[in-house]
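The values are calculated or read from the model by the stated rules, or taken from the named source; none is laboratory data. Since the model is a prediction, treat every value here as computed from it, not as a measurement. Glycine gets a Cβ as well: all are built from the backbone with ideal geometry, and neighbour counts include every protein chain shown. Areas reflect the complete protein model, heavy atoms only, side chains present, ligands, DNA and RNA absent. Shrake-Rupley method; radii C 1.70, N 1.55, O 1.52, S 1.80 Å.
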Number of protein chains: 2
Amino acid sequence: MARMNRQWLIAERPNNRTLQATDFTWTTTEARSPGPGEVLVRTLYLSCDPSQKGQMENIGGYAAPTEIGDVMRAGGIGEIVESNDPSLKPGDKVVGAMGWQEYLTTPAPTLLKVGDDELLTEHLGALGGVGMTAYFGLSKLGRPFPGDTVVVTGAAGATGSVAGQIAKIAGCRVIGIAGGPDKCRWLTDELGFDAAIDYKAGDVIPKVRAAAPGGIDVLWDNVGGQLLDDLMGEIALYARIVICGGIARYEAEVLPPGPTNYFNLIFKRATMHGLLVIDYQSEFPAARIRIANWIRAGRIKTRQDVQVGLENAPTTLMRVFSGANTGKQLLKVA
Amino acid sequence: MARMNRQWLIAERPNNRTLQATDFTWTTTEARSPGPGEVLVRTLYLSCDPSQKGQMENIGGYAAPTEIGDVMRAGGIGEIVESNDPSLKPGDKVVGAMGWQEYLTTPAPTLLKVGDDELLTEHLGALGGVGMTAYFGLSKLGRPFPGDTVVVTGAAGATGSVAGQIAKIAGCRVIGIAGGPDKCRWLTDELGFDAAIDYKAGDVIPKVRAAAPGGIDVLWDNVGGQLLDDLMGEIALYARIVICGGIARYEAEVLPPGPTNYFNLIFKRATMHGLLVIDYQSEFPAARIRIANWIRAGRIKTRQDVQVGLENAPTTLMRVFSGANTGKQLLKVA
């Protein structure tokens, strides 16, 4: 019995420009019946992340290359519809590389079975790549120590907000930089950040100096560009800079220059690290348990921005680059 | 009995421009007689280093600030003339902060007594700050491992040439980048570098790719600017980048942009470290013994460019920035 499977395919590569709805083609095929050891999964939620644009562009070389005409890649949560594998049964909830489509047929081991509880959608957020990035970027690279001052850019974003809250649990003073008074209030009033600076209100660096008079011990950067450069002028001795993202770069026609203040790494004996979370995959299960406990204990709070309908996938992903989203951007498909 | 003491004083700060002879004033005072616990030292050799310009500019904040009218700072080798301390006697050779002057009166503990042998002037080179920088920059930050590919910029300079040779001892494949065929021949034919690339001959990056097809594991940078940016596009997974110097910056009116390719730190899980060698001072004695043994065994070779006469101090320091020197720049004073 054939099931129609609506899909978004990659039509154009958005290198050196803004992502557009016309970079995708809307199509319908038949979902393939599962073979031996395979399952048929129905997409429930899709994750929207800046790295998806990089995958369309084949930059970095850390993921398998994409081709024009491929189903657009995306992590998601699904429900098993048919199963030819004893490890999964219809109704089970799973996390996997669903792609922008209604159905995925895939070998059972490519999916992670997750609990069908109140934390289900967190598997695309604080219990997923976002949370793992925050956890391992801090534990392996940023190494927060009680009393350290931690500055997070893009602090109201999915990764930044979790990184800041983990740094608070680690006993640090945490300053978030975000766009707009609502996001800033959320950081200080709900997440317990010690200070929040609205970059849209100007004068960021004097405010950073006032909030961090001893300098920045850990700089968690999701932005890049001029903001990163300016903040690198404010680091403390032995600072650790974690390059997590670079929203200022992702849609630039011409890449912004790197930080002129990189030379401050010398004077401050500091270290700048690049972070790709997939390197720590073997340690994800232990981290998920800790983060789930922190969420249940109210020590990590999350916010999700849920748009609805697979037909809205391109415009929903575009929200991540414009900053329109408040919290982790999700798309509810079914 | 008074001794006349010719000195160069700081007259102007050379921030954001080329160092000039008129940045210094030539003067003569009387050398002060040593008090209790003090010695009078006659300057034999002075070290010329790019960091001296930074000290005139008070950048970085890692050394005590200079004032206009101060004796120009410089490390040097001296000979004890008078001593009021039992640890030093006339004729002893010492290393210390001599400054651009013929005589220094100072407490004995500020000086390091060194052997009066064929390695005497190496205490301003491979056994001094230059060698310590190479040794600790590699052992603490670059962490060369047998089989690694190490690229050194400013490779024919005092620090770069020692760093490259230590990397060879560590079992690495070493590629030097230097200006001109003479410097490049010296690297490959005398120091045993595996390859040398003349940046003045153009096409640096294709040559780096040919010499390092697996990418750069350790990048030792003395240059900064466009060269650093381009090389950061060629790093291997888990690369370590050691920022030792930035000759492209020291005399720039407008600082060159930082490396746009800093984002490659993410894709390559790489790390960029700043290095100030004074942090490892407690470990210098052990490192000096190793390096002296390597020099005596012919495994580290050095080259010195010795100019003569304290009156030539400003023009001798300017050679370091123009690249006119071949090897460690020294000034013989007496």
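Looking at (1) open to solvent by 10 Å² or more (accessible area, probe 1.4 Å); (2) within 22 Å of the chain's Cα centre (by Cα); (3) among the aromatic types (Phe, Trp, Tyr), which is the only condition A:PHE267 fails?
That leaves (2) as the condition not met.
For segment B:3-25, does any single residue satisfy the condition of being polar (S, T, N, Q), in contact with a Leu (Cβ under 7 Å, 6 or more places away or on another chain) and under 22 Å from B:MET318 (Cα atoms)?
yes
Only one of (1) facing chain B (nearest Cβ under 10 Å); (2) farther than 30 Å from B:ALA63 by Cα is not met by A:ALA286, so which one is it?
(1)
Does segment A:215-224 include one or more residues that are within 11 Å of chain B (Cβ to nearest Cβ) and within 19 Å of the chain's Cα centre (by Cα)?
yes
Looking at A:ILE278, A:ILE241, which one is part of a helix (DSSP H, G or I), β-branched (Val, Ile, Thr), out of contact with any Gly (no Cβ under 8 Å at 6 or more places or on another chain) and more than 7 Å from chain B (Cβ to nearest Cβ)?
A:ILE278
Hey, any hits in segment B:230-237 for a residue that's in a strand (DSSP E or B), open to solvent by 10 Å² or more (accessible area, probe 1.4 Å) and within 11 Å of chain A (Cβ to nearest Cβ)?
Within segment B:230-237 (the criterion being in a strand (DSSP E or B), open to solvent by 10 Å² or more (accessible area, probe 1.4 Å) and within 11 Å of chain A (Cβ to nearest Cβ)), the answer is yes, since at least one residue qualifies.
Identify the residue in segment A:164-214 that is open to solvent by 20 Å² or more (accessible area, probe 1.4 Å) and assigned to a loop (DSSP other than H, G, I, E, B) and, among all such residues, is farthest from A:PRO146 (Cα to Cα).
Result: A:GLY202.
Would you check if B:ALA156 is part of a loop (DSSP other than H, G, I, E, B) and either closer than 23 Å to B:GLY129 by Cβ or of a type in the set (D, E, K, R) (or both)?
yes
Sort through B:GLY245, B:GLY323, B:GLY309 and tell me the only one that's surrounded by fewer than 19 Cβ atoms within 10 Å (Cβ to Cβ) and either more than 20 Å from B:LEU46 (Cβ to Cβ) or at pLDDT below 95 (or both).
B:GLY323
Among the residues of segment A:307-334, which ones are within 14 Å of A:GLU122 (Cβ to Cβ) and free of Cβ contacts under 8 Å to residues at least 60 places away in the same chain?
Those that are within 14 Å of A:GLU122 (Cβ to Cβ) and free of Cβ contacts under 8 Å to residues at least 60 places away in the same chain: none in segment A:307-334.
Hey, can you tell me all the residues within segment A:215-228 that are open to solvent by less than 70 Å² (accessible area, probe 1.4 Å) and over 12 Å from A:VAL152 (Cα atoms)?
A:GLY215, A:GLY225
Among the candidates A:ALA292, A:ALA286, single out the residue that is among the aliphatic types (A, V, I, L, M), more than 24 Å from A:LEU231 (Cβ to Cβ), touching a residue at least 40 places away in the same chain (Cβ under 8 Å) and surrounded by fewer than 21 Cβ atoms within 10 Å (Cβ to Cβ).
On inspection, the qualifying residue turns out to be A:ALA292.
Is it the case that segment A:295-303 has a residue that's open to solvent by 30 Å² or more (accessible area, probe 1.4 Å), β-branched (Val, Ile, Thr), at pLDDT 95 or above and touching a Gly at 6+ places or on another chain (Cβ under 8 Å)?
Yes: segment A:295-303 contains one or more residues that are open to solvent by 30 Å² or more (accessible area, probe 1.4 Å), β-branched (Val, Ile, Thr), at pLDDT 95 or above and touching a Gly at 6+ places or on another chain (Cβ under 8 Å).
Taking segment B:178-215 on its own, how many of its residues are β-branched (Val, Ile, Thr) and touching a Lys or Arg at 6+ places or on another chain (Cβ under 9 Å)?
The total comes to 1.
Suppose we filter segment A:147-193 for residues that are without any contact (Cβ under 8 Å) to a residue 24 or more places away in the chain and closer than 23 Å to A:ASN293 by Cβ; how many remain?
Qualifying residue count, segment A:147-193: 0.
Within the group A:LEU138, A:LEU119, which residue is open to solvent by 10 Å² or more (accessible area, probe 1.4 Å) and hydrophobic (A, V, I, L, M, F, W, C)?
A:LEU119 is the lone residue from the list that is open to solvent by 10 Å² or more (accessible area, probe 1.4 Å) and hydrophobic (A, V, I, L, M, F, W, C).
Within segment B:252-263, which residues are open to solvent by less than 50 Å² (accessible area, probe 1.4 Å) and either touching a Ser or Thr at 6+ places or on another chain (Cβ under 8 Å) or facing chain A (nearest Cβ under 7 Å) (or both)?
Selection gives B:PRO256, B:GLY258, B:PRO259, B:THR260, B:TYR262, B:PHE263.
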